[in-house]
Amino acid sequence: MAQNDTAQEGPETPQVYLITPPEFELSSFPDTLSRVLDSCEIACLRLSLATKDEDKIARAADLIREQAHARDIPLVIDSHFLLVERLGLDGVHLLDGARSVRYVRKEIGPDAVIGAFCGPSRHEGMSAGESGADYVSLGPIGETVLGDGQIAETEAFEWWSQMIELPIVAEGAVNIAAVERLAPYTDFFAIGEEIWREDDPSAALKALLAPLG
């Protein structure tokens, strides 16, 4: 997850940050994932499972890590920072904004990637960056009835691209209109269930990214 060289110039063409489904069949998903990884350049992959079963997470991580690292794609995991070293992962994606970034950095060291989801709040994103996050994620970026209904506004990404060097990720309720709207201002689009619910995830990803050219 590389930083922009010059924040004032804004991001180049945004990269894809792929999120796994919250649950999947260990026997079949690696093949599906492989097709997606080979269909589009992926900058980062996030293991984001709904289960709290450590054994299931570990088995899934083993399969996903093999796919990711064979393609030199860093693999991070949602929340479970104590599993990063144990499972040979590259870092963790925290879901509580800036709250635990500083503590987790002390726990997993300076080399592991730490990302922080900060909802729609650029202020929370700035706090996460100041606490040691390697990237900040804002969202959702499309209309949704989930959560409290708030979305991360275009202005937040525009301001960030002009003022802050820390990479920013746009995620949540991603659609073609949101990709087109935020392409000039974000470094990454995080895409997951938007494509996995489709019959052909690879084709769905390409369609979603069409505004990027």
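The values are calculated or read from the model by the stated rules, or taken from the named source; none is laboratory data. From a predicted model like this one, the values you see are computed outputs, not experimental measurements. As a convention, Cβ positions derive from the backbone with ideal geometry for all residues, glycine included, and neighbour counts pool all protein chains shown. Calculation scope for accessible area: heavy atoms of the full protein, side chains included, ligands and nucleic acids excluded. Shrake-Rupley method; radii C 1.70, N 1.55, O 1.52, S 1.80 Å.
Please find, within region 66-76, the residue that is nearest to I108 (Cα to Cα) out of those that are open to solvent by 60 Å² or more (accessible area, probe 1.4 Å) and in a helix (DSSP H, G or I). Among those that are open to solvent by 60 Å² or more (accessible area, probe 1.4 Å) and in a helix (DSSP H, G or I), it is H69.
Counting the residues of region 139-155 that are over 16 Å from P14 (Cα atoms) and open to solvent by less than 60 Å² (accessible area, probe 1.4 Å) gives 6. Selection of region 11-64 for residues being open to solvent by 20 Å² or more (accessible area, probe 1.4 Å), of a type in the set (S, T, N, Q) and in contact (Cβ under 8 Å) with a residue 24 or more places away in the chain yields T13, Q15, T32, S34, S39, S48, T51. Tallying residues that are open to solvent by 90 Å² or more (accessible area, probe 1.4 Å) and over 19 Å from L49 (Cβ atoms) within region 82-108 yields 5.
Conditions tested, residue by residue: (1) in a helix (DSSP H, G or I); (2) open to solvent by less than 10 Å² (accessible area, probe 1.4 Å); (3) closer than 24 Å to A50 by Cβ; (4) without any contact (Cβ under 8 Å) to a residue 40 or more places away in the chain.
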position	(1), (2), (3), (4)
Q162	yes, no, no, no
A177	yes, no, no, yes
Y185	no, no, no, no
E198	no, no, yes, yes
S202	yes, no, yes, no
P211	yes, no, no, yes
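Screening region 114-138 for residues that are surrounded by fewer than 24 Cβ atoms within 10 Å (Cβ to Cβ) and of a type in the set (G, A, S) and picking the one that is nearest to A178 (Cα to Cα) gives G119. Screening D111 with (1) open to solvent by 30 Å² or more (accessible area, probe 1.4 Å); (2) in contact with a helix residue (DSSP H, G or I) (Cβ under 9 Å, 6 or more places away or on another chain); (3) not aliphatic (A, V, I, L, M) gives one miss only, at (2). In region 134-148, the qualifying residues are those that are of a type outside the set (V, I, T) and either touching a Ser or Thr at 6+ places or on another chain (Cβ under 9 Å) or modelled with pLDDT under 95 (or both), and the one that is nearest to D96 (Cα to Cα) is L138. Pairs meeting the criteria (first residue in region 94-111 and under 16 Å from L83 (Cβ atoms), second residue part of a helix (DSSP H, G or I) and open to solvent by 20 Å² or more (accessible area, probe 1.4 Å), beta carbons under 6 Å, at least 6 apart or on different chains) are V104/F81; I108/F81.
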